[in-house]
Amino acid sequence: MRKLDNKLKIFLIVGIVSLCVLVTLVSKYDDVFGHNRLPDNNERNNMIENAYLDMSIEQLLEVVVDETTSAAMSRESLCKLMNDSCVDIII
Amino acid sequence: MSKTANNIIIWILSILIVIPANAQQELAESARDKEYKVKAAFVYNFMKFVEWEGLKDDKGFQERKDVILAVVGSNPFGNKLDSLKSKKIKDKAITIKYYSYSDLDDNEKQKEIMECHTVFACTAATADYALLQKLLDKKCILSIGDDRKFISAGGIIGFDIDNGKVCFDVNNNSAKESDIKINTKILKLARKVIKDK
């Protein structure tokens, strides 16, 4: 039984190491050859900045920059709208 | 309970506390990041939709190959304004310069700021806004402030956040005094327009 446990451990370790090597190789292949490569953080930031620059003022006014405030305000407006019944909605 | 089990519970609890704290900090940073990316795009749009009427007959301005945007105060944009360098305003490139409010006491820096075409005033104390406005008063410079207090201090455009979205107010009286013509499109989209006393 103890021998079996050891074999299982070795099998698991080899399996995990092989998986890590495989994932690294695949990601390197993608980095080098640009095959289905996702943009890195810098590239993504540049793309987003350029997208904003190409937007009209109307579109920019609709961009939610602070989702927490936006959600809180929506709740507030909903409460205003429903007046006293807001407690029931939250429950 | 064994000592090992206790240790495991402590580790799990620490991870559960640290992960949400980090996530919240990252969320706040990314919200601020997004806000200034959007504000940078607004600044670009404002520069596109104004006419520097007072400089219409200025040969120096007509022959210039760039328009200068000055950021005064503690720069909240980071390097986000750099993307404006690839854009053009009326066939002119955009040059960006950075100053602090303490530069307003320096004669050389004052001259440099007065040669700019657009000034972005970062959030500051009312006294700093007043000092900047004194310098920009009636000069053909588009002044944009990072908060709504700015237009009460005599600035032309002031940003604000309303319902999680960036919005802006316009002081058209200040614009007229500075010989800046603001496109009606901007006036229509502004949250509040101060006009004709």
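Rule-based calculations on the coordinates, nothing more; no lab input. Treat the numbers as computed from the prediction; the structure is a model and nothing was measured. Positions of Cβ are backbone-derived with ideal geometry, glycine not excepted, and every protein chain shown enters the neighbour counts.
Distance between the 7 Å Cα→Cβ label points at B:Asp162 and B:Lys192: 0.9 nm. A straight line joining the Cα centroids of segment B:68-97 and segment B:180-197 runs 23 Å.
With the helix formula -39500 (n - 2.57) applied to DSSP H stretches of n ≥ 4, chain B reaches a computed 222 nm mean residue ellipticity of -13500 deg cm²/dmol. In plain terms, the residue of A:Met47, A:Met55, B:Met47 with the fewest other Cβ atoms within 10 Å comes first and the most crowded comes last, giving A:Met47, A:Met55, B:Met47. Residues whose amide H comes within less than 5 Å of that of B:Asp162, counting only those at least five positions distant or on another chain, are B:Cys167 (H built at 1.01 Å from N in the peptide plane). Highest GNM mean-square fluctuation among B:Asn172, B:Asn183, B:Asn107, for chain B modelled with Cα contacts below 10 Å: B:Asn107. Derived scalar couplings between HN and Hα for segment B:34-39 equal 5, 4, 7, 5, 5, 5 Hz in order, rounded to whole Hz, by the Karplus curve 6.51 cos²θ - 1.76 cosθ + 1.60 (θ = phi - 60°), x for Gly and Pro. Under a model in which nothing but the beta-carbon of Lys, Arg (+1) and Asp, Glu (-1) is charged, chain B shows a dipole of about 700 debye around its Cα centre. Put simply, the amide H of B:Val193, placed in the peptide plane, has neighbours under 5 Å in B:Val170, leaving out anything fewer than 5 places away on its chain. Counts of other chain beta carbons within 10 angstrom of each beta carbon in peptide B:34-44 average 5.
Rounded, prolate or oblate: which one fits segment B:39-109, using the alpha carbon gyration tensor with axes a ≥ b ≥ c (rounded when a/c is under 1.5, else prolate when a/b beats b/c, else oblate)? Oblate, since a/c reaches 1.5 and b/c is not below a/b. Charge tally for B:Ala127 (other residues, Cβ to Cβ under 12 Å; Lys, Arg +1; Asp, Glu -1): +1.
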